[in-house]
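Chemist: Pasting a structure here, questions to come.
The values are calculated or read from the model by the stated rules, or taken from the named source; none is laboratory data. What you are looking at is a predicted structure, and each value in this text was computed from that prediction instead of being measured. These accessible areas exclude ligands, DNA and RNA; they are computed on the full protein's heavy atoms, side chains included. Shrake-Rupley method; radii C 1.70, N 1.55, O 1.52, S 1.80 Å.
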Amino acid sequence: MARMFLIPLLLALAWWAFLLYFRIPIKQGAKGFYWIIGIGGGLAAFLSLMMVLTH
């Protein structure tokens, strides 16, 4: 269950690497981090709820 919280972390690291590779400033890519954390957190919450309901 704790692994679900790695989803947003791994996606954020991949986004950070993408920004560095294409030399895009972190400030300009900040909106991407917000989306990643929001969607990843929502996905983790949904999967946690499904685990509780189907247990």
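Chemist: Express the carbon and sulfur contribution to the solvent-accessible surface of the chain as a percent, rounded to the nearest whole number, probe 1.4 angstrom.
Modeler: On the way: 3550 of 4630 Å².
C and S fraction of accessible area: 77 percent.
Chemist: Equivalent-ellipsoid semi-axes (√(5λ), Cα gyration tensor) for the chain, whole Å, largest first? Let's see the in-between values first.
Modeler: Details: eigenvalues 162, 20, 5 Å².
Square roots of five times the eigenvalues give 28, 10, 5 Å.
Chemist: Using Cα pairs under 8 angstrom and six or more residues apart, how large is the relative contact order of the chain, in percent?
Modeler: 50
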